[in-house]
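One structure is given below, encoded as C-alpha cells.
The values are calculated or read from the model by the stated rules, or taken from the named source; none is laboratory data. Every value quoted in this text rests on a predicted model; they were computed, and no experiment measured them. FYI the Cβ positions are ideal-geometry reconstructions off the backbone, even for glycines, and counts take in every protein chain you see.
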C-alpha cells in the first residue's frame, strides 16, 4: 500500500517544500560522469569604449559564499575581503591599479556554506588602448584565504565602432550593488550558463560616427545552424552608445553546447561576434548522470513488467525510454527542468550517501527505499543507540493519511531493517 501513488506524493512534497582569465569552470570531471564545478572566485574585466583611444574597464568579481570567511557579529554573519587589480601595459610598462574592499552581511547561517550563491563586487578603471597583463590578488580580511589570478587584456586602438563582448545577466534578481550600465545583474561566468535560470544577454556598442546601429542576434545549438532564438533590430545611438538587453528563453533549453552569433552594422562599419557557451547543470544529482545507474532506482516506483520494458534495448533506446518516462511526470513541460525527476534523483543521492556502503546502493536499503519514495520524514524518533531496543521511527504527515515506518538498528546503526509499517487516515 505504501508504495503506491509515487507521483502524487512527490509532487505534493514539491509544492509544500519546494533551483580567458583562468579556468572558471572545471570540466575535467565531465568524462568521468561527475558534474562540472565552478571556481570559488570568478573574475571578469569588461571593456567599454569611451572614444579617443580610451576605455572604461569594469572589474567584476563573484565570490562563492562557501569560500568567504564569516564571523558572527550583531546577530548576523559578516565577511570582509580586499581585491587588488594591477594592469601593466606591454608597450609602455605603465601600471594601472585599483584596490577595493567589500563587506557581505547575511542573517542565514546555512547560506554561509552555500556553493550556489555568489557575492558580486565591482569597481572600474579608465585606461588607454593597448595590450595589458592583469593580475588579480584576493585577500580575505578575516582569515587566511588568499588567491592570485593572471590574464591578458587587449583593448584595440581607436575605432569608430566597437562592440563589447556579450554578458549573461540574471534577470530574476532585484537590483543590487552592480554598475548602472547593466539592466540586470551581470554574471561573471563568460562561457557557461547556469541551467534553469531566467537570463538576459547584455550588449554594449560604441558608435562614433553613426546615428543608428543594426543588430542581428542569433542563438543556435553549436552542432546546428537552426536558430533557437533570433532578434533583428535597429537601435538609435545616444551619446555614441547603444545598450540593449535581450531575453532568450533559456528556461526552455536543456544542457548542452550553444553558439551566439551577432552581426553589428553602423553605416559602413560592420562587426561579427561569436560566443560558444554551455548550459550546465552544476548541482545535477550524481545518480542521474549515468543512464545505466539512473534507470535502476525507478524499479522502486513502477511495476516489474514496466521496468523490464523500460530497460530493454541498447543504451540509446534506454535513454529514449528514460526521457519519455520522466517527461510524462514533468509538472512544468514548458521548461527544460523537470522538478519531479530532479527531486527523485536528489533523494537517491541522499539515500546513497547516508545508507550506502561499498558494494551496496543506499537506495536499495530499507530506509533508502522509503526515503526515495516519500522524502524527508515529517517527524523522526531515533533511539538507534538504545542498548535494549535500538530502533528508528519515521512519520509522514501526508494530506490524506499518516504513515509510520519503524526500522531496527543493526550492528551499531550500520544497517537498518524495516520491521513495521502502519497507515492511518490523517487525524
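Annotations for the structure displayed:
- The set of residues in region 354-399 being closer than 21 Å to residue 339 by Cβ and exposed (fewer than 12 other Cβ atoms within 10 Å of the Cβ) consists of 399 alone.
- Residue within region 108-118 that is under 22 Å from residue 46 (Cβ atoms), surrounded by 14 or more Cβ atoms within 10 Å (Cβ to Cβ), more than 24 Å from the chain's Cα centre (by Cα) and assigned by TED's automatic domain parsing to the domain that holds residue 153 present: no
- Among residues of region 199-209, those that are assigned to a strand (DSSP E or B) and over 28 Å from the mean Cα position of the chain (by Cα), counted: 3
- Given (1) in contact with a helix residue (DSSP H, G or I) (Cβ under 8 Å, 6 or more places away or on another chain); (2) part of a loop (DSSP other than H, G, I, E, B), index of the condition residue 282 fails: (1)
- Of the numbered criteria (1) more than 33 Å from the chain's Cα centre (by Cα); (2) closer than 23 Å to residue 426 by Cβ, the one residue 389 fails is (2).
- Residue 403 at pLDDT 95 or above, closer than 30 Å to residue 328 by Cα and not in a helix (DSSP H, G or I): yes
- Scanning region 42-56 for residues that are part of a strand (DSSP E or B) and over 26 Å from the mean Cα position of the chain (by Cα) yields a total of 7.
- Any chance residue 135 is over 24 Å from the mean Cα position of the chain (by Cα), surrounded by 14 or more Cβ atoms within 10 Å (Cβ to Cβ), assigned by TED's automatic domain parsing to the domain that holds residue 40 and in a strand (DSSP E or B): yes
- Each residue in region 210-227 was checked for being within 30 Å of the chain's Cα centre (by Cα) and either buried (at least 16 other Cβ atoms within 10 Å of the Cβ) or not in a strand (DSSP E or B) (or both), and 10 pass.
- Only a single item in (1) part of a strand (DSSP E or B); (2) touching a helix residue (DSSP H, G or I) at 6+ places or on another chain (Cβ under 7 Å); (3) surrounded by fewer than 17 Cβ atoms within 10 Å (Cβ to Cβ) is not met by residue 408, and it is number (2).
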